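To keep things clear, I will list the structure first and then write my remarks on it.
The values are calculated or read from the model by the stated rules, or taken from the named source; none is laboratory data. Everything numeric in this text was worked out from a predicted model, so none of it was measured. Reconstructed Cβ throughout: ideal geometry from the backbone, glycine too, with neighbour counts over all protein chains shown. Note: accessible area is taken over every heavy atom of the protein model, side chains too, but ligands, DNA and RNA are not part of it. Shrake-Rupley method; radii C 1.70, N 1.55, O 1.52, S 1.80 Å.
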Amino acid sequence: MTIKKKKKAASADNEGQNEWLGSMPVSCAVEEGNRTAIEECLEGALPGSGIKVFALKQTVGERFTGGRSTPVFEIELHDSEGYTHKLILKLVVQASPSTGENMTSLQQGYAMRVRSYEVEAGFYGCFDSNSPSKDTPCPARALQKLGLALPNLLFVERGGVHVTPGIKGAAISFIMQDLRITHPVHPESLSLKQTRAALDWLARMHARFWEAPKLFNEWAGSKVWECGSFWANKYRLERNSENWTPGKVESSWVDTLRWLQKKDPNVATMSGVKRLGSRMDACRLGLHQALHGNPSQVTNLSPVVYMPNSECGKRQHGHQLRRHRTLVHGDYKAANMFFADDISERNVTHDACAVCDFQFSGPGLGAIDICYLLFPDARADYASNELALMDWYHSRLGAHMTDMGKCDAFEDYSRGALELHYRLAQVDFLAYLVGKGWVASAVPDIALILGVHKTMAHIDEGEVMSETDYSAAIDASFAEV
């Protein structure tokens, strides 16, 4: 796809940002609100002729638990034949940190964010180009062939370090069709019907890539992360950092114990709960190894090109290393979902759901996505429906895998295996949150804490073990399923 460039790059108040956006004509035109330039750039990129901008606005980013979603530009265009095109331009501009405390951590965070958007581009088939090629296999095209709704990417624009190594900043934009044309509902939290539709969407994606050799041996590290989920990749970076300090979970757990002492003293004084911070600290390495793979394999953070080391380049993930693993979304939450406006009991299926933002997709256990979707927060608590929703996911996974001729693989994945993976993913994610300063603050958090304590008690009987013993016990649990 050829994009007509503006004759002159857009000006910007910030000299560095101007440098980053100079190679991004559509993004510059949209930021300026220059409708004529937008029309010139998009003429030929869209079907039809005589493209005219009808409406252009920027969102402020919607509020969701944990912050705001990325602001985007909404563009509505009409062509000479009367057809309406509705597009989204997601523009991400990031400055490289130059000063501040914990510079290593700041630089790693910046590099991870930059890399995450290159992963998203690779997911759509734009890893080494700006336009998806029909001849290049990619996860997005495989999912669209299954009838799963996700954005249709027109093209990507890159600036800064994405184009020129050494520049102290990065800019990337995604120009895609607006999902709200077919799925207009974008809730802050999900109803039960929406959750079931989202789980069916997830089950169909997981079924498609179940134990797929290409995902592990070709795409991991380029089109997707080496392992899926944002918190797994953050832990890898922290664990391999020269500033890594153990004991963060244990020290932060004190604040939750204080809150528990006020809200439910009986729970606060349980010996296993009192030691839960130390237990989660000691088991994190073993959990990561079992759920996400070896954390000593440092995550690649190159924003320009994937250069695997010799060990990674020669590694072939055989069936045992791929067993029960698939492509995970890695950030599967309401903020990244859109729904049809007429969901009923008869159409609570993947057709009613559309999903976006694949920045942290990669190989992993499907239960990681389910854990994150159902994890209680200030807006949603699925505790009373948790088991029924897991049953629903497992049944839909079986139906999709059967349709795809993967009956044997599904027979090897029991409901008990899903339960184990899900519960251990809960422990893993709670440990990550506590290490980042999470403190219990609502009644549903008490049930979560008791659940995590119960899961770990099957491994350690409520006592703190060594990292080595946790790794061995968790591996033994995985071997049983």
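Here are a few things to note about the model shown:
- Accessible surface, the chain, averaged per residue in Å² (probe 1.4 Å): 44 Å²
- Over the chain, Cα pairs under 8 Å with separation of 6+ residues give a relative contact order of 18 percent.
- Helix 386-403 and the long axis of the chain differ in direction by around 60°, with both axes built from C-alpha atoms.
- The alpha-carbon of Lys214 sits under 17 angstrom from the alpha-carbons of these aspartates and glutamates, leaving out residues fewer than 8 places away in its chain: Asp135, Glu226.
- Rounded to the nearest Hz, the phi-derived 3J(HN,Hα) couplings of the stretch 156-161 under the Karplus curve 6.51 cos²θ - 1.76 cosθ + 1.60 (θ = phi - 60°) are 10, 10, 10, x, x, 5, where x marks glycine and proline.
- Karplus-derived HN-Hα couplings along the stretch 248-253 (A = 6.51, B = -1.76, C = 1.60, θ = phi - 60°), whole Hz, x at Gly and Pro: 5, 5, 4, 5, 6, 5
- For the chain, calculated [θ]222 nm from helices alone, where every DSSP H run of n ≥ 4 adds -39500 (n - 2.57): -13500 deg cm²/dmol
- Spin-label pair Glu39/Leu106, simplified geometry with 7 Å Cα→Cβ offset, distance in nm: 4.5 nm
- Rounded to the nearest 10 degrees, the angle from helix 230-239 to the longest Cα principal axis of the chain is 70 degrees.
- Averaging Cα coordinates gives a centre for the stretch 211-238 and one for the stretch 379-447; these two points are 20 Å apart.
- At R0 = 22 Å, FRET efficiency that the Cβ-Cβ distance of Ala479 and Asp408 yields, to 0.05: 0.70
- Placing a pseudo-label 7 Å from each Cα along the Cα-to-Cβ vector at Ala447 and Asp469 gives an inter-label distance of 3.3 nm.
- Computed lengthening from Glu188 to Asn243, 0.36 nm per intervening residue step minus Cα-Cα distance: 16.2 nm
- The stretch 313-424, accessible surface, carbon-and-sulfur percent (1.4 angstrom probe): 48 percent
- R0 of 30 Å, Cβ-Cβ distance Leu387-Ser251: FRET efficiency to nearest 0.05: 0.35
- A protection proxy built from the mean count of other Cβ atoms within 10 Å ranks the segments 82-92, 182-192, 239-249, 120-130, most packed first, as 120-130, 82-92, 182-192, 239-249.
- Backbone geometry of the stretch 121-126 corresponds, through the Karplus equation with coefficients 6.51, -1.76 and 1.60 at θ = phi - 60°, to 3J(HN,Hα) couplings of 5, x, 4, 8, x, 10 Hz, x marking Gly and Pro.
- Candidate aspartates and glutamates - alpha carbon under 19 Å from Lys263, same-chain residues fewer than 8 apart omitted: Asp255, Asp377, Asp381, Asp445
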